[in-house]
1. When you check Val58 against the structure, is it in a helix (DSSP H, G or I) and either within 17 Å of Thr28 (Cβ to Cβ) or in contact with a strand residue (DSSP E or B) (Cβ under 7 Å, 6 or more places away or on another chain) (or both), yes or no?
2. Return the residues of region 105-124 that are outside any helix (DSSP H, G or I) and over 15 Å from the mean Cα position of the chain (by Cα); say none if nothing qualifies.
3. Just to be sure, is Ala65 surrounded by fewer than 16 Cβ atoms within 10 Å (Cβ to Cβ), without any contact (Cβ under 8 Å) to a residue 40 or more places away in the chain, hydrophobic (A, V, I, L, M, F, W, C) and out of contact with any Cys (no Cβ under 9 Å at 6 or more places or on another chain)?
Amino acid sequence: MFNIVLVEPCIPQNTGTIGRLCVNLGATLHLIKPLGFDIDDKAVKRAGLDYWKHLDLVVWESFDAFLKEHPVDAHMYMSTTKTDSLYFDAPFKKGDYILFGSETKGIDESVLLAHPEQCITIPMGGKGRSLNLGVSVGVVLYDALRKNYEGFEKITIPNTLKES
């Protein structure tokens, strides 16, 4: 459906949560090294719960290696606090790549400056400077789904709330 790219993520719980989102939406998760944790870290798997084994996961050795294979184009969006272009104005299409930077550094500013038309942001009030990475991915990814909902293959999960 979509490709979520985490550039040098640092917090295993965020990555686990994002992996769970990706499984539920049929998205591929791309992790770009260096990672701030071991991919087998219990915290990643705890946050991803039993979803982690179903995750379509691609791990890249570096941001340069990723960009060599997937150059920035009209099908790639970079989430940043350094733009005024709102994510809900982006014309997301199935297969697009949506990049999120590390929790501490964001996406390399030289890449952002070279492609300002592909930068998007989530609006926030004046008292905050950023959102949790897992929350940010969820906000943007579900809006991308909303714009491409036709043909979305819903995952069937047994309803355990039915009365016996």
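We did not get these values from a lab; they are worked out from the coordinates using the rules stated. Keep in mind that what you see is a predicted model, and the values were worked out from it rather than measured. When we count neighbours, we look across all protein chains shown, and the Cβ atoms used for this are built from the backbone with ideal geometry, even at glycine.
1. no
2. Step one: filter region 105-124 for residues outside any helix (DSSP H, G or I), giving 105-108, 115, 119-124.
Result: Lys105, Asp108, His115, Pro123, Met124.
3. Numbers: surrounded by fewer than 16 Cβ atoms within 10 Å (Cβ to Cβ): yes; without any contact (Cβ under 8 Å) to a residue 40 or more places away in the chain: yes; hydrophobic (A, V, I, L, M, F, W, C): yes; out of contact with any Cys (no Cβ under 9 Å at 6 or more places or on another chain): yes.
Yes; evaluated as a whole, the condition is true for this residue.
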